1. Answer yes if at least one residue in the stretch 190-201 is assigned to a helix (DSSP H, G or I), over 23 Å from SER41 (Cβ atoms), touching a Cys at 6+ places or on another chain (Cβ under 6 Å) and of a type in the set (S, T, N, Q), and no otherwise.
2. Mind checking which residues of the stretch 74-98 are surrounded by 19 or more Cβ atoms within 10 Å (Cβ to Cβ) and under 19 Å from TYR7 (Cβ atoms)?
3. From the list PHE123, PHE128, PHE96, PHE110, exactly one residue is in contact with a Pro (Cβ under 7 Å, 6 or more places away or on another chain) and either modelled with pLDDT of 95 or more or within 19 Å of ALA155 (Cα to Cα) (or both). Which is it?
4. Taking the stretch 29-56 as the region of interest, how many residues are part of a loop (DSSP other than H, G, I, E, B) and touching a residue at least 60 places away in the same chain (Cβ under 8 Å)?
5. Run GLY169 past the list (1) part of a loop (DSSP other than H, G, I, E, B); (2) out of contact with any Phe, Trp or Tyr (no Cβ under 9 Å at 6 or more places or on another chain); (3) free of Cβ contacts under 8 Å to residues at least 24 places away in the same chain; (4) within 30 Å of GLU105 (Cβ to Cβ) and report the number of the one that doesn't hold.
6. Of ILE197, ILE219, ILE202, which residue is within 19 Å of PHE70 (Cβ to Cβ) and hydrophobic (A, V, I, L, M, F, W, C)?
7. Could you pull out the residue among ASP198, ASP172, ASP166 that is out of contact with any Pro (no Cβ under 9 Å at 6 or more places or on another chain), closer than 24 Å to LEU141 by Cβ and at pLDDT 90 or above?
Amino acid sequence: MNKNSKYVLRTMMFVPGHNERLLLSASRSKADALILDLEDSVLPVPNKQIARKIILEKVNIGLFKNFYLFPRINDRESGFLLKDVHALTVPGIDGFVYPKACRGEDIYFFDKLLETIEYEKGFPIGTFKIVPLIETSAAVLNAQEICLSSNRVIAIAFGCEDFVADLEGVHDSEGKSLFTARAMIALAARATGVIPIDTVHINVHDLKDLEENVKLARILGFEGMLILHPKEIEIAWFNISVVAK
């Protein structure tokens, strides 16, 4: 049973937080949720401060009022996590995508950080949710522990590129290196009542392959998908729904 059924997260689209043109385009899309990115797509480093400022401005004017909003913050070792979270714990933000979660204690730490900031800012405790990003072999093996580490965890998402690098595997066209991890992540999520979100489809121009990939994702038990481009949205929606029937 999905304890987070109030959240509809069929498509969660990454948008670089410092790119105003892409942010405006995303605001006109039909994605269910936007992942306003402060991490990998925001370089060089000075752009991270710019991204925080731009995201805050756009959220405050209600540009994204029709979306669930989950900024992807920088990881714990980056030195930017606290700045990211403190800047964006504001009305309109639903929670955060937490990158490079390896074990339950990573999420427990982040839960307590959010609790402190919520108390300081006057938000009810538990306001901001967490979507851990599973990106390493250790994280896949600890996926159930990660799901159970905090009541804030509403979904877990698979990050395939960093996973394959950590695995020292090969990202083949058929996705063989990802199959076991995808199945384990979906299984852990379903067993603990959180929403399983599948990884991005790297080649955004190959829509036929995307269609087949989404069908497989649904067969494996995924309820949503990370996406990179608005043209992927309707394909993801349709195929998840069709297979579900």
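1. First pass over the stretch 190-201, keeping only residues assigned to a helix (DSSP H, G or I): 190-192.
Within this subset, residues satisfying the condition of being over 23 Å from SER41 (Cβ atoms) are 190-192.
Filter again for touching a Cys at 6+ places or on another chain (Cβ under 6 Å), leaving 192.
If we keep only those that are of a type in the set (S, T, N, Q) too, we end up with 192.
Within the stretch 190-201, one or more residues are assigned to a helix (DSSP H, G or I), over 23 Å from SER41 (Cβ atoms), touching a Cys at 6+ places or on another chain (Cβ under 6 Å) and of a type in the set (S, T, N, Q).
2. Of everything in the stretch 74-98, those that are surrounded by 19 or more Cβ atoms within 10 Å (Cβ to Cβ) and under 19 Å from TYR7 (Cβ atoms) turn out to be LEU88, THR89, ILE93, GLY95, PHE96, VAL97, TYR98.
3. Details: PHE123 fails: in contact with a Pro (Cβ under 7 Å, 6 or more places away or on another chain); PHE128 fails: in contact with a Pro (Cβ under 7 Å, 6 or more places away or on another chain); PHE110 fails: in contact with a Pro (Cβ under 7 Å, 6 or more places away or on another chain).
Exactly one residue qualifies, and that residue is PHE96.
4. Filtering the stretch 29-56 down to residues part of a loop (DSSP other than H, G, I, E, B) leaves 29-32, 38-45.
From the residues that got through so far, the ones that are touching a residue at least 60 places away in the same chain (Cβ under 8 Å) too are 29-32, 39.
Adding up the residues that qualify gives 5.
5. It fails just one condition, (2).
6. From the options ILE197, ILE219, ILE202, the qualifying one is ILE197.
7. ASP198
Results for (1) under 27 Å from GLU234 (Cβ atoms); (2) crowded, with 22+ Cβ neighbours inside 10 Å; (3) within 17 Å of the chain's Cα centre (by Cα), shown as yes or no for each residue.
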site: MET12; (1), (2), (3): yes, yes, yes
site: ARG21; (1), (2), (3): yes, no, no
site: LYS30; (1), (2), (3): yes, no, yes
site: ILE35; (1), (2), (3): yes, yes, yes
site: PRO44; (1), (2), (3): no, no, no
site: ARG52; (1), (2), (3): no, yes, no
site: LYS65; (1), (2), (3): yes, no, no
site: TYR68; (1), (2), (3): yes, no, yes
site: PRO71; (1), (2), (3): yes, yes, yes
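The values are calculated or read from the model by the stated rules, or taken from the named source; none is laboratory data. Just so we're clear, the structure is a prediction, and the values are computed from it rather than from any experiment. Every residue, glycine as well, gets a Cβ built from its backbone with ideal geometry; the counts of neighbours run over all protein chains shown.
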